[in-house]
1. Under a plain spin-label model, where a point goes 7 Å from the Cα along Cα-to-Cβ, how far apart in nm are Lys127 and Asn61?
2. In square nanometres, what is the average projected area of the Cα convex hull of segment 304-346?
3. Taking neighbour counts of Cβ atoms within 10 Å as a proxy for exposure, in what order, fewest first, do Val104, Val283, Val233 appear?
4. Put a dot 7 Å past each Cα toward the Cβ at Phe209 and Asp115; how far apart are the dots in nm?
5. In nm, to one decimal, how far is the Gln323 label point from the Glu99 one, both placed 7 Å along Cα→Cβ?
6. With the cut-off at 27 Å, tell me which of the pairs Lys98/Lys329; Lys174/Lys202; Lys231/Lys296; Lys202/Lys348; Lys127/Lys351 have Cα atoms farther apart than that.
7. Want the number for Lys174 to Val300: 0.36 nm per residue separation, take away the alpha-carbon distance, what's left?
8. DSSP loop trypsin sites (Lys or Arg not before Pro) in segment 68-143 with at most 11 other Cβ atoms within 10 Å of their Cβ, which ones?
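Taken together, the values in this text are just the output of simple stated rules run on the coordinates, not laboratory data. All of these numbers come straight from a predicted model, not from anything done at the bench. So basically every Cβ, Gly included, is an ideal-geometry build from the backbone, and we count neighbours across all protein chains shown.
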Amino acid sequence: MRQNTRQRSTPNTTANNSMTKCHKGGVKIKETNNGYIADPFQNVNPFNIVPEEKREDIQYNKSDYSTLDLNIDHYSRPELYQLFGLTSSIALTENIMKECKKMVLKTHPDKSQLDNKYFIFFSGAYKKLLGIYEFQNKVNSKKTTTTTSEYHDTNNGEVLDKMFDMNTELKDPKNFNNWFNQQFEKHRLEDPVSSGYGNWLKSDEDIVFTPTNITKDKMASEIEKRKREVKAVTTYTGVGDLFSSTFGGSSLMAYDSNFTSGSLFSNEGMGFTDLRQAYAESVIPVTEEDYNNIQKFKSVDEYKRHRDGTNVVPLSKEESMRQLYHENKQKDEESAALAFYYAQQSEKAKKNENDFWTGLKQVTNW
């Protein structure tokens, strides 16, 4: 009997072991009715939790047109938006762009009886606005392939051939290099980031002058003084996301910065330090005052009680959605500012190129 009982119980024991991987009976699982049948985030768009911003229907009369500054280069991005009745924080959409285009067409001389210069001005303003829209919607924009380029002119090759025929000395590599360098320096696009720190290195800016006969006792106070100076000029950008790019390189928004640096605590190690930053911020700006301003604890138990009393409740769904919305809104504004900047750079590059070819055509009587 014992042998038969043992044989009948073996299959049940084996089944339990294979499912639970535990020889003591396994883990009992009870139904909790928490199957998330209804998605708590269903029909919730974190990037559109507030009513969509609308374009203001702006109307110009003849007196308003006469007061406009018709030099589009004098307009900042918010002023460009204001021309079309847009707020600087609005996200450009296809419908908004259609309304702005209608506004441009209304200034056509055949419809408005206005001078042609106003139509040219608003057309240029719309072109800049379109550049920002296309920059922000590159993923959704239709890709077009073409073999021609707006920078390419079939006559340019003939102009160069004629210039080299008239100036045979340029066929000498040395003379050609000198001519090329002169033209490059004359027509190149000035970039505040790539200009380097040549003038700064030649100046006394950011040099810390200390007494030559300073004592060892006063050295600590001098260092503390320098820390306060560095701290005063350090920009505080608030609490950021726990995210850092895994790729190297600098930010596209660095055009308005004096210098940038890699993260000291990044996964890549020490990162990199900009030359000017290494000299200007030669000390870590943490002073004795910072230590005095933080809360002190007499024991580990007191610290634990303080931590236990800290509010660690997660944000509600509404608060989370609103935070995501504002973060996305900030990124939209940054991309619009970046698109506006590079649209200006592109126009300057085209103008410099036209000046170059115009100069060659004048020399060759083209």
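1. Taking the simple label geometry, Lys127 and Asn61 are separated by 3.2 nm.
2. On the way: hull surface 19.0 nm².
Mean projected area for segment 304-346: 4.8 nm², to one decimal.
3. Numbers: Val104 19, Val283 14, Val233 10.
With the fewest neighbours first, Val104, Val283, Val233 line up as Val233, Val283, Val104.
4. Once both label points are built, they end up 5.5 nm from each other.
5. 3.3
6. Values: Lys98/Lys329 22 Å; Lys174/Lys202 31 Å; Lys231/Lys296 23 Å; Lys202/Lys348 29 Å; Lys127/Lys351 16 Å.
The pairs that break the limit, which is 27 Å between Cα atoms, are Lys174/Lys202; Lys202/Lys348.
7. Details: separation 126, 0.36 × 126 = 45.36 nm, distance 7.53 nm.
Here the answer is 37.8 nm.
8. On the way: sites: Lys98, Lys101, Lys102, Lys106, Lys111, Lys117, Lys127, Lys128, Lys138, Lys142, Lys143; in loops: Lys106, Lys138, Lys142, Lys143.
The qualifying sites are Lys138, Lys142, Lys143.
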